[in-house]
Amino acid sequence: MKKLIADRVKNISPSMTLAITAKAKELKSQGIDVISFGAGEPDFDTPIHIQQAGIEAINKGFTRYTPVNGILPLREAVAKKLLKDNGLNYSIDEIIINSGAKHSISTALQAICNPGEEVIIPVPYWVSYPEMVKLAEGKPILVDTKAENNFKLTKEEFLQAITPNTKAVIINSPANPIGTVYSKEELEVIGKIAIDHQIYIISDEIYEKLIYDNKKHISIASIDEKFKEWTILINGLSKTYAMTGWRLGYTAANKEVINAMGRVQSHALSHPSSITQYAGLAALEGEKDLTNKMIVEYDRRRLYMVNRLRGMRDLGFIYPEGAFYIFVDISKVFGRKINGVEINSSLDFANELLEQRKVAVIPGVAFGADHYIRLSYATSLEIIEEGLNRIEDFIK
Ligand code: PMP
Ligand code: GLU
C-alpha cells in the first residue's frame, strides 16, 4: 500500500509545550479558573515602540519581499548587538535572520546534517531539539546529565557520546527547562572537545538576557576564535523583547554555514515577514530599559517561587539562574494515590493536577526527564501564589 505520510514525520511528536499552553488558554477562555505554569512566553506585551515600528512598516509600504537572509539594517543591528553584548565580530554575510529561534535551529540542522549524522543533545533538553534533528534526517544522541551537576554536560559525558559520525552538539544556556547557566570554564571544556573532534556547537542563547543573581551570560563563540569557527550561534527576539508571536530569530556562523542556511531558507520560507523585520530593528535599536524592567519582575517571581518550593518537602528543584522556568523534582510523590489516582509519571502528575486542581504544568517527559515537571514564572505573582497553593494542597 502507498504510504500516505512520510516515515520521517511519522515518529515526530507535536510540541507538548505549545499544546499544553494552548490547552490552558482554551480552558481559561471557557471561563474555567485555570492557573497556567505552562507558558514558554513572556506575559508582557511587546513594548509600544516596537509595535509602532510594525505599524509604521505597513504604512510605509514595507510589505514586499525582502532579501532572503533579512534586510540589511537588521543584519547590521544584529552584528552590532553581537559585538556590543557578546564581544563577537561577525560580518553581515555571517548572519541570517530567521522566523524565530526555533526556525533558526531547524534551518541550521537542515543545512549541516547528512542522513544518519549524529547530534548530541544533553538531557533534559528543550522539547523541540530531538524532533528537529530527526526532521533533518540526523540522529539525535540523547546524553543523560546529572542533577548533581545541575544537568550540565560534563567533559566525560560529552567525550563518551562522540563517534566518527558526530556532527554537532546542542548547548542551551541559560537552559530551558532547567534554568541553569554554563560558566566560562564549563564552556571552555565543551569548546575544546568540539574543535578537537570538528563538531559544530549549536549554541542556543535565546534566554541570554533573562539571567539573575549577577550571573553573566557567556557566548561560547567569544571564548576562542577557533570555537567561533565551529559555533552556530542562535538567538532571537521572542523572550528578550516579548515578541513571541512576531517570529524573529537569527543565526551567526561562518559564511559557509550561513550561505547553506540561506539556500534552505530561500526555498522553504523566502524570509521572515518584512513587517516583523522592521519591528525587530526597532527592538534592537531601541531602549533597553523595558527589558530590564521585565527582568526585575521575573526575578521577583523567581525568588518567591524558590522560597515557596523550599517549604514543600516532597518537591525538590534545581535552583534556577536564568530563563523563566523552575524544574521541579516530583519523584517523592510517585507511588502515592491522589484522590484515588496513583501517580507514577510526570504525565500522571500533570494530568491529575490539571484535572483535580486546574493547574497546568509541563510534564518533564517532554524534556526527557520523567521525574520532573516544569513551572514557568512568566505569569503574575498573584497567579503564581494561587497556583503554588493549589500544588501544595494537591501533594499533601
Ligand atoms: N530555544 C529555546 C530553548 C526555547 O525555549 C525557545 C522557546 N520558544 C526557542 C528556542 C524558540 O523561540 P522562538 O522560536 O520563539 O524564537
Ligand atoms: N520555548 C517555549 C517553551 O518551551 C515556547 C513553546 C515552544 O516553542 O515550544 O515552552
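Read-outs throughout are calculated quantities, based only on the coordinates presented, and are distinct from any laboratory measurement. The structure displayed is predicted, hence computed values, not measured ones. No Cβ is skipped: glycine too gets one built from the backbone with ideal geometry, and neighbour counts run over all protein chains shown.
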Given H placed on each backbone N at 1.01 Å, which residues far from Ile338 in sequence or on other chains put an amide H within less than 5 Å of it? Ile343
Roughly how many whole Å is it from the C-alpha centroid of the range 274-317 to that of the range 225-245? 17 Å
Expected sort for 143-152, 92-101 on mean C-beta neighbours within 10 Å, highest first, is 92-101, 143-152
What 222 nm value per residue comes from the helices of the chain, counting each DSSP H run with n ≥ 4 as -39,500 (n - 2.57) and dividing by all residues, nearest 500 deg cm²/dmol? -13000 deg cm²/dmol
In the range 147-287, how does Rg compare with the Kirkwood Rh, expressed as the Rg/Rh ratio over alpha carbon atoms? 0.99
With a point put 7 Å past each Cα toward its Cβ, work out how far Glu26 is from Glu285 in nm, to one decimal. 4.2 nm
If amide H atoms are modeled at 1.01 Å from N in the peptide plane, then the residues at a separation of 5 or more from Leu210, or on another chain, having amide H under 5 Å from its own are Ala323
Among GluC sites (Glu not before Pro) in the range 236-337, those in a DSSP loop whose Cβ has at most 14 other Cβ atoms within 10 Å are Glu287
Pair Ala147, Asn389: separation of 7 Å Cα→Cβ label points (nm): 2.9 nm
Normalise the Debye intensity by I(0) for the chain, one equal point scatterer per Cα, no solvent, then take log10 at q = 0.14 Å⁻¹ and round to two decimals. -1.30
Inter-site label distance for Thr163 and Leu303 at 7 Å from Cα along Cβ, in nm: 4.8 nm
Mean Kyte-Doolittle of at least -1.0 and a Cα length of 30 Å or more along the axis: which whole DSSP H helices of the chain meet both? 289-310
Hey, fewest Cβ within 10 Å first, where do Leu159, Leu354 land in order? Leu159, Leu354
Here the convex hull volume per residue of the range 161-224, taken over Cα atoms and given in Å³, is 88 Å³
